[in-house]
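The values are calculated or read from the model by the stated rules, or taken from the named source; none is laboratory data. This structure is a prediction, so every number in the text was calculated from the model and none was measured. Cβ sites come from the backbone with ideal geometry, for glycine too, and all protein chains shown count toward neighbours.
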Amino acid sequence: MRVLIVEDEHRLAATLQDLLALEGYTADVCHDGEAGLDNAESGIYDIIILDVMLPKKDGFSVLRELRAWGSTTPVLMLTARSELSDRVEGLDCGADYYLTKPFEPRELLACIRALSRRSPELRQTDEVSFGDLTLSKGSFSLACGERSVHLSRKEFDLCELLMRNHTQVITKDTILLKIWGYESDAEDNNVEVYISFLRRKLTHLKSRVKIRTIRMVGYRLEESD
Ligand code: CA
């Protein structure tokens, strides 16, 4: 699961990032409202933690624009202000939860868990199925009938992304951001290499599922008859 932290207090942002990393979440940080909105609109985040008082664009405006743009990503607002009117404004703008600083790390993590449970696609299930394939988190394995193969971490993440979103074409940019992250200098050919690894494993499994290349766009899983 990938979390976006929009917080201008660098120390707090770094603490949050570490805290989330310990729980197994990947978190990216932005320090102003404009960068926060740009990143949030990429659509790659499962949850957004958004401060209210931010340089360039305040958290309420970021949230309003994000919702107007059509994003339904759960947003947890984080602020030093505890006035009732602020909380009401935040919720009216489309925040899913409101947490007042200072907060206990345990409380923040409980909020994140609650928000991730709300959306069925975010529910951390141990198994994902598509066609004749079953992907298992515990064992990092991909199975088809009696056959099973072990996947590397990146192969697993890529396979999970494609299986959970099998109705859509997944672009190379989305794959790069979701699997490699913003900080990475990975390029399109890294994606191509991992797609070929996965294809080899699907062939080995004799699966009916294929990774179809949509030229100039990306990839989609397909089940052949
Ligand atoms: Ca702030």
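Evaluate the following for Leu177: is it outside any loop (DSSP other than H, G, I, E, B), among the aliphatic types (A, V, I, L, M), closer than 21 Å to Ile47 by Cβ and touching a residue at least 60 places away in the same chain (Cβ under 8 Å)?
Yes; evaluated as a whole, the condition is true for this residue.
Can you work out which of the residues in the range 74-90 that are within 14 Å of the ligand (Cβ to nearest atom) and of a type outside the set (Gly, Ala, Ser) is modelled with the highest pLDDT?
Per the criteria, the residue is Met77.
Among the residues of the range 47-68, count how many are away from the ligand (no atom under 16 Å from the Cβ), in contact (Cβ under 8 Å) with a residue 12 or more places away in the chain and closer than 16 Å to Asp92 by Cβ.
Residues that pass the stated criteria total 4.
Considering the range 163-205 alone, what residues qualify as being more than 16 Å from the chain's Cα centre (by Cα) and aliphatic (A, V, I, L, M)?
Those that are more than 16 Å from the chain's Cα centre (by Cα) and aliphatic (A, V, I, L, M): Val169, Ala186, Val191, Val193, Ile195, Leu198, Leu202, Leu205.
Filtering the range 1-35 down to residues that are more than 15 Å from the ligand (Cβ to nearest atom) and small (Gly, Ala, Ser), which residue is surrounded by the most Cβ atoms within 10 Å (Cβ to Cβ)?
If we take residues in the range 1-35 being more than 15 Å from the ligand (Cβ to nearest atom) and small (Gly, Ala, Ser), then Ala27 is surrounded by the most Cβ atoms within 10 Å (Cβ to Cβ).
Would you point out the residue of the range 206-225, among those that are among the hydroxyl-bearing types (Ser, Thr, Tyr) and under 18 Å from Glu192 (Cα atoms), that is surrounded by the fewest Cβ atoms within 10 Å (Cβ to Cβ)?
Within the range 206-225, the first condition is being among the hydroxyl-bearing types (Ser, Thr, Tyr), and the residues that meet it are 207, 213, 219, 224.
Retained after the next criterion (residues that are under 18 Å from Glu192 (Cα atoms)): 213, 219.
Details: Thr213: 14, Tyr219: 24.
Filtering the range 206-225 for residues that are among the hydroxyl-bearing types (Ser, Thr, Tyr) and under 18 Å from Glu192 (Cα atoms), the one surrounded by the fewest Cβ atoms within 10 Å (Cβ to Cβ) comes out as Thr213.
Taking the stated definitions as given, is Arg113 more than 22 Å from Leu22 (Cα to Cα), of a type outside the set (Val, Ile, Thr), out of contact with any His (no Cβ under 6 Å at 6 or more places or on another chain) and away from the ligand (no atom under 15 Å from the Cβ)?
no
Answer yes or no as to whether Ser71 is of a type in the set (S, T, N, Q), under 21 Å from Arg117 (Cβ atoms), assigned to a loop (DSSP other than H, G, I, E, B) and away from the ligand (no atom under 15 Å from the Cβ).
So Ser71 fits the description; yes.
Out of curiosity, is Leu78 on the phi < 0 side of the Ramachandran plot, surrounded by 14 or more Cβ atoms within 10 Å (Cβ to Cβ) and not in a helix (DSSP H, G or I)?
yes
Could you tell me whether any residue of the range 49-63 is of a type in the set (Asp, Glu) and surrounded by 15 or more Cβ atoms within 10 Å (Cβ to Cβ)?
There is at least one residue in the range 49-63 that is of a type in the set (Asp, Glu) and surrounded by 15 or more Cβ atoms within 10 Å (Cβ to Cβ).
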